[in-house]
Amino acid sequence: MATTEKLQKAYSLFDAANEKDPNKEEFQGKSYAKEVLYAIRMTNKLSSFAPDASEALKLTVRCQHICRWEIARDSYEMNRAGYLKWRQDLKKHHALKASAILKEINYEEEIIDQVAFLLEKKQLKKNKDTQILEDVICLVFLEFYFAPFAKKYPEEKLIDILQKTWRKMSENGQKAALKLPLSETSLALVTKALA
């Protein structure tokens, strides 16, 4: 199977797993399983942000939230420690799900290991692909999810979140973020967070 053919096969299997997401999201008049839409947005963002990304990174970006709904946030304590534990468990969950699919289509062990490594977001700021993954996550969050998210929280919490998001990004990521088509409210909050 040619690389691109294998990659497309992996994408379709990742998307099929995410189609089971009971959460739906409307976008441009169409209804999507929430995690399928997120995966498509991640892939699209990666191809504009880092068009020459490695195959492992392309795979990771597509399955970064694979079957996320299977581990509910409210099954953990609703505090910072509970949140961090949930995030750690999710990373392992995504890595196991993705690895099983990649094995099924005979991906090389090396690529499967790289995808698992990236899904666990190891060596942020040190590993090039981990950093690009983080940049893409932040860009997708800012462009598509920040405005609805911002309606739920007070301004000081939002500014703190934006500052933390900014610190996680590379200089290239930050430059790309400033070019995003943000709403007036979101842009005002970003400006305030960076002041």
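The values are calculated or read from the model by the stated rules, or taken from the named source; none is laboratory data. Owing to the predicted nature of the structure, the values given are computational and were not obtained by experimental measurement. Cβ sites come from the backbone with ideal geometry, for glycine too, and all protein chains shown count toward neighbours.
Worth a mention:
- Cβ pairs under 8 Å, 6+ apart, first in the range 78-103 and under 13 Å from residue 117 (Cβ atoms), second surrounded by 14 or more Cβ atoms within 10 Å (Cβ to Cβ) and aromatic (Phe, Trp, Tyr): 98/14
- Checking residue 127 against (1) closer than 18 Å to residue 167 by Cα; (2) loosely packed, with under 14 Cβ neighbours inside 10 Å, the condition it does not meet: (2)
- Residue satisfying condition, being in the same structural domain as residue 4 (by TED's automatic domain parsing), under 25 Å from residue 34 (Cβ atoms) and not aromatic (Phe, Trp, Tyr), within set 112, 101: 101
- Residue count, the range 41-71 (criterion: in a helix (DSSP H, G or I) and touching a residue at least 24 places away in the same chain (Cβ under 8 Å)): 17
- Test: residue in the range 184-194 that is outside the structural domain of residue 64 (by TED's automatic domain parsing) and touching a Lys or Arg at 6+ places or on another chain (Cβ under 7 Å): no
- Among the candidates 120, 77, 134, residue that is over 16 Å from the mean Cα position of the chain (by Cα) and on the phi < 0 side of the Ramachandran plot: 77
- Verdict on residue 123 being of a type in the set (S, T, N, Q), modelled with pLDDT under 95, touching a helix residue (DSSP H, G or I) at 6+ places or on another chain (Cβ under 9 Å) and closer than 30 Å to residue 9 by Cα: yes
- The single condition among (1) free of Cβ contacts under 8 Å to residues at least 60 places away in the same chain; (2) at negative phi; (3) surrounded by fewer than 18 Cβ atoms within 10 Å (Cβ to Cβ) that residue 162 does not meet is (3).
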